[in-house]
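Let me begin by presenting the structure, written as structure tokens, before commenting on it.
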4 protein chains.
Amino acid sequence: MRIGLVGLGKMGANMRSRLRARGVEVVGYDRNPDVTDVASLADLVAELPAGERLVWVMVPAGDVTRAVLDELAGLMTAGDAVIEGGNSHYVEDGVRAAALAEHGIGYLDAGVSGGIWGLDNGYGLMVGGDAELVARAMPVFDALRPDGPRDEGFVHAGAVGAGHFAKMVHNGIEYGLMQAYAEGYELLEAKDIVTDVPGTLKAWSRGTVVRSWLLDLLVKALEEDPSLAEISDWVDDSGEGRWTVDEAIDSAVPLPVISAALFARFASRQGASPAMKAVSALRNQFGGHATRPAASEG
Amino acid sequence: MRIGLVGLGKMGANMRSRLRARGVEVVGYDRNPDVTDVASLADLVAELPAGERLVWVMVPAGDVTRAVLDELAGLMTAGDAVIEGGNSHYVEDGVRAAALAEHGIGYLDAGVSGGIWGLDNGYGLMVGGDAELVARAMPVFDALRPDGPRDEGFVHAGAVGAGHFAKMVHNGIEYGLMQAYAEGYELLEAKDIVTDVPGTLKAWSRGTVVRSWLLDLLVKALEEDPSLAEISDWVDDSGEGRWTVDEAIDSAVPLPVISAALFARFASRQGASPAMKAVSALRNQFGGHATRPAASEG
Amino acid sequence: MRIGLVGLGKMGANMRSRLRARGVEVVGYDRNPDVTDVASLADLVAELPAGERLVWVMVPAGDVTRAVLDELAGLMTAGDAVIEGGNSHYVEDGVRAAALAEHGIGYLDAGVSGGIWGLDNGYGLMVGGDAELVARAMPVFDALRPDGPRDEGFVHAGAVGAGHFAKMVHNGIEYGLMQAYAEGYELLEAKDIVTDVPGTLKAWSRGTVVRSWLLDLLVKALEEDPSLAEISDWVDDSGEGRWTVDEAIDSAVPLPVISAALFARFASRQGASPAMKAVSALRNQFGGHATRPAASEG
Amino acid sequence: MRIGLVGLGKMGANMRSRLRARGVEVVGYDRNPDVTDVASLADLVAELPAGERLVWVMVPAGDVTRAVLDELAGLMTAGDAVIEGGNSHYVEDGVRAAALAEHGIGYLDAGVSGGIWGLDNGYGLMVGGDAELVARAMPVFDALRPDGPRDEGFVHAGAVGAGHFAKMVHNGIEYGLMQAYAEGYELLEAKDIVTDVPGTLKAWSRGTVVRSWLLDLLVKALEEDPSLAEISDWVDDSGEGRWTVDEAIDSAVPLPVISAALFARFASRQGASPAMKAVSALRNQFGGHATRPAASEG
């Protein structure tokens, strides 16, 4: 099996390593000359068998992905196929698949989870698209996914878009899980009752109901920095949490936990909160105190 | 009608003024010699008719209120009565009423709303306790409450404790209302689409569904400081919001909005959020980036 | 002043009445022959002065509004103008304004609040668009808005789209306010401490911090049905609450209260909640009990 | 090592089995004659060595636990010790420890996690109390905890109360985690995009960021009942989630996610929601429609 891989950033480079280690030949392309295998997308395409090419695209979602797919559409030929593995919004998949289909080029969307640990642990894969094409790409998926039964690390989730939809929900859940652990951590720290907070979280690693890989990572972080002194409380969000809430609103699905986790991230990045200034201004108005912090309610 | 009034802070002093303006004689006591009418609680009690005394207590909830009530229990006599008007937790009312009842002293609890505006607008009153005693104190309530029908500014809400319970819920609602306006304000400010935000809020003053006194106050605040530049986003909370959520939990009542408003206040007072540090640490762990803010999710 | 008014449903018919009562001539059109003044949109346009026409469109947002505007574009002439008063999404305003501008037809978007009470109280108006056109339509706005200073019931909020954006946020706030009162009401009802719940809410009508028009309406509802026995707990949502949260997510504005109010509505319409089934299934799995409701946590 | 174990319900009976399988002698007592080893608490105490006794109490929190501890206080002697392993509120631990200390009886509180799976997997243990006593009971803890390094399944979290405090926070986190998965599950089900929802969750079992034991349980539940058709959406709560939020409020720690998860459980158990009736009543009032579900906002 020989495939093309476009995008050799942190994720892509690791994926190339894992694929090669498991017997899949990879022709990698990246704009960064230090990491790329070939000089151009055209060269990448040229090194793959026409009409049977598989090219995995692993570049930033949005404009970059769109540009790469546009260029590939002009270089690839009927029978070839693209696997779009970035964190794209699922609604774009239909558009892209249709555009490539005009050239006879197949399209799969693949949600990929695992972060930097995927290199060793394997990547959880959620794939959308045509079943025949999924079957054709299965050696690639098998090389990337974790060891163990295939269905514990890979799913053909549905038609085009289903892979990115599943990944979007996966990340929405991830927001909620992280915030749940974080709130518990803060409460443990807030009282002097539990005197060994890192040890307590570590003791949840086995046997308990809350054990998870995220917990293991939090334990690891606390071993490196027991009071998280070196860590900023500024938390970015990457799109999928937002899309998850947008989708839930569109489907009238209540999402109190995942939305609260998302809003906590927004708030973490604010200097002064305009909303809380407004609340403060209101209290000043009815309580008659301009700056006293410990004002009474009306 | 002649009553005693203990506590001549911002609220108490205004209440004394309103009562006097409406024909109720007031003997006021405060530890502050600049504002007090008499030198001691004993003097205050001495100036009221034994066995028919009414003493309104308007001091900070908690220890101060408890100390005043204890001292009054030793000074007053059977037939007298106390009206506890502070922001006390309703569960304390039963204890206090029972302690005073041992001396034959009556007890009413009164929730008082209106802030500094009560002097002119009157105070919304929610009263708990014995109906006969409520009737006896009605001239006082009528002087304090807003003009208009009695039932639009006064309620005998139930037995001892009901007044403070009603006030507690009132303040919980207040938290939710303030946060709702504040969130809307922030969203208006966040986009450049509405170019006259203070004017937009002012235009909601009449006719709209969201018109309210709190909105009027927000309009006023924005007229004084159109971008709230001089206002801190640090927002205190005074107990009643917390008690409201505690009560809801005790009764298994879902309170998503009021609790969210309370938590937003807690968060407004944090320097760095330990919870968000934990989320940040988790993202670093799985994403492999220590400080890059725009990290991707796993 | 003479204008056209398209859409004579509950809102439109009341607006026609208010306009006529205040000296604005109205030619109304509705598909319902029982309420319309003219037989067709063409007839409506024909009764207005070419090149100076003002036509207020007050039909359901979405397809109906789009169809009406398309038809009007073919009937009206350069110099005429449309005021779009429905609950449309603000992003559509730019598209519509541009399409009409090709015909030289002006466009204003107007957010209208007040419900069935607007007939008597006047309507709160938030308008977006060109200042000159706003000035031309001012007699109409003045007739519709509440009595009192213009800026307390009307705002020119910004360029095209600003009116609907302001109305969207207004309704988002409305969701939060309603839920805050509703949660407080439920908590009062949940405990037997306050024995006169309707009376307590009524006593908040004057003087208190939480007094508002929405509170007045809740008092009125409780006077008609003291335990809300005849009211369903099924609560619809109409789009603007959803758009408000979507916008906040787009702008990274935390909206915990308004989103919680929206999600409570979603949940109110579910038969069995799939999410809570999943939680229940999880508890069964780790607790080892298939159907016992009072199961212990792990 | 030989200990007493009071309470042989689902948890206690499994713990007895695990202890015995790992070489700890157990004298078990339960009011149920079918499962008990001895006829009375007195008999249990009699079978243990005076002055060195260890008795693990594993009965329902609250009155039952209090009664058992009171009875043990009368039966045990100085030098003995009790390990309270139930889901008790941590504030009670200090009271109990002090009462037993008057008899020279030691006290440890132990939070125990693992549910019915603990028999095979071992139990996660969080222990509070005196270090010397913890060391004495370590063979019991080692037999109960999961295999592997001790600190991954056991922690001496602090002084008396710390064990139950840690367990309380553990369960609060658990609420948040469960709700996060549940919301994601509902969203996957709500759209027809992912056509294999159980398979998608199963594919998250390895490699992904959200992998956890709770996820494994949800996968298992969906394998048994792919649409959760046989599962009620009525979800109980057991105290610790409530205490967690109470504690957070007491410490001014924002807990949006865990509280939302708790409130979702409350709501799941309501027939008709009084709050949503109030919202519905409000919409009827301003919208002028008594029963139409799809009413427009004001």
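Structure above, values below:
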read-out: Filter result for C:Gly114 (on the phi > 0 side of the Ramachandran plot, within 20 Å of the chain's Cα centre (by Cα) and surrounded by 24 or more Cβ atoms within 10 Å (Cβ to Cβ)); value: yes
read-out: Residue in region D:245-257 that is surrounded by the most Cβ atoms within 10 Å (Cβ to Cβ), counting only those that are part of a helix (DSSP H, G or I) and within 7 Å of another protein chain (Cβ to nearest Cβ); value: D:Val257
read-out: So C:Val91, is it out of contact with any strand residue (DSSP E or B) (no Cβ under 9 Å at 6 or more places or on another chain), surrounded by fewer than 23 Cβ atoms within 10 Å (Cβ to Cβ) and part of a helix (DSSP H, G or I); value: yes
read-out: Sole residue being surrounded by 24 or more Cβ atoms within 10 Å (Cβ to Cβ) and within 16 Å of B:Val55 (Cα to Cα), chosen from B:Leu133, B:Leu144; value: B:Leu144
read-out: Matching residues in region D:240-283 - criterion: being without any contact (Cβ under 8 Å) to a residue 40 or more places away in the chain, among the basic types (Lys, Arg) and under 20 Å from A:Ala180 (Cα atoms); value: D:Arg242
read-out: Residue, surrounded by the fewest Cβ atoms within 10 Å (Cβ to Cβ), within region D:212-239, restricted to residues that are in contact (Cβ under 8 Å) with a residue 12 or more places away in the chain and in a helix (DSSP H, G or I); value: D:Glu223
read-out: Which numbered condition A:Ala157 misses (of (1) more than 7 Å from every other protein chain (Cβ to nearest Cβ); (2) closer than 30 Å to A:Gly106 by Cβ; (3) surrounded by 24 or more Cβ atoms within 10 Å (Cβ to Cβ)); value: (1)
read-out: Extreme residue, farthest from the other protein chains (Cβ to nearest Cβ), among residues of region D:197-207 that are touching a Gly at 6+ places or on another chain (Cβ under 9 Å) and among the aliphatic types (A, V, I, L, M); value: D:Leu201
read-out: Segments classed as strands (runs of 3 or more DSSP E), wholly inside region B:1-75, with at least 1 members that are without any contact (Cβ under 8 Å) to a residue 40 or more places away in the chain and loosely packed, with under 14 Cβ neighbours inside 10 Å; value: B:25-29
read-out: Contacts under 6 angstrom Cβ, first residue in region A:97-114 being of a type outside the set (Asp, Glu), partner surrounded by fewer than 22 Cβ atoms within 10 Å (Cβ to Cβ) and in a helix (DSSP H, G or I), 6 or more apart; value: A:Leu100/A:Ala73; A:His103/A:Ala73; A:Gly106/A:Leu133; A:Tyr107/A:Leu100; A:Leu108/A:Leu133
read-out: Test for B:Ala78: is it free of Cβ contacts under 8 Å to residues at least 12 places away in the same chain and farther than 26 Å from C:Thr208 by Cα; value: no
read-out: Residues that are within 24 Å of the chain's Cα centre (by Cα) and at the interface with another protein chain (Cβ under 7 Å from one of its Cβ atoms), drawn from region C:208-230; value: C:Val210, C:Arg211, C:Ser212, C:Trp213, C:Leu214, C:Leu217, C:Leu218, C:Lys220, C:Ala221, C:Leu228
read-out: Every residue from region B:88-115 that is small (Gly, Ala, Ser) and away from chain A (no Cβ under 14 Å); value: B:Gly94, B:Ala97, B:Ala98, B:Ala99, B:Ala101, B:Gly104, B:Gly106, B:Ala110
read-out: Sole exception among (1) facing another protein chain (nearest Cβ under 7 Å); (2) closer than 25 Å to D:Leu201 by Cβ for A:Met168, by number; value: (1)
read-out: Per-region count, region D:116-154, residues facing chain A (nearest Cβ under 7 Å) and touching a residue at least 60 places away in the same chain (Cβ under 8 Å); value: 3
read-out: Some residue of region D:276-289 being buried (at least 23 other Cβ atoms within 10 Å of the Cβ) and within 14 Å of chain A (Cβ to nearest Cβ); value: yes
read-out: Selected residue (criterion: nearest to C:Asp196 (Cα to Cα)) from residues of region C:231-244 that are more than 7 Å from every other protein chain (Cβ to nearest Cβ) and at pLDDT below 95; value: C:Asp237
read-out: Residue list for region C:172-196, filter: more than 7 Å from chain B (Cβ to nearest Cβ) and either surrounded by fewer than 24 Cβ atoms within 10 Å (Cβ to Cβ) or among the small types (Gly, Ala, Ser) (or both); value: C:Ala182, C:Glu189, C:Asp192
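Results for (1) at pLDDT 95 or above; (2) closer than 14 Å to D:Gly85 by Cα; (3) of a type outside the set (Phe, Trp, Tyr); (4) within 16 Å of the chain's Cα centre (by Cα), shown as yes or no for each residue.
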residue	(1), (2), (3), (4)
D:Met126	yes, yes, yes, yes
D:Val134	yes, yes, yes, no
D:Ala137	yes, yes, yes, no
D:Ala143	yes, no, yes, no
D:Gly153	yes, no, yes, yes
D:Gly161	yes, yes, yes, yes
D:Ala166	yes, yes, yes, yes
D:Glu183	yes, no, yes, no
D:Asp192	no, no, yes, no
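The values are calculated or read from the model by the stated rules, or taken from the named source; none is laboratory data. What you are looking at is a predicted structure, and each value in this text was computed from that prediction instead of being measured. We place every Cβ from the backbone using ideal geometry, glycine too, and count neighbours over all the protein chains shown.
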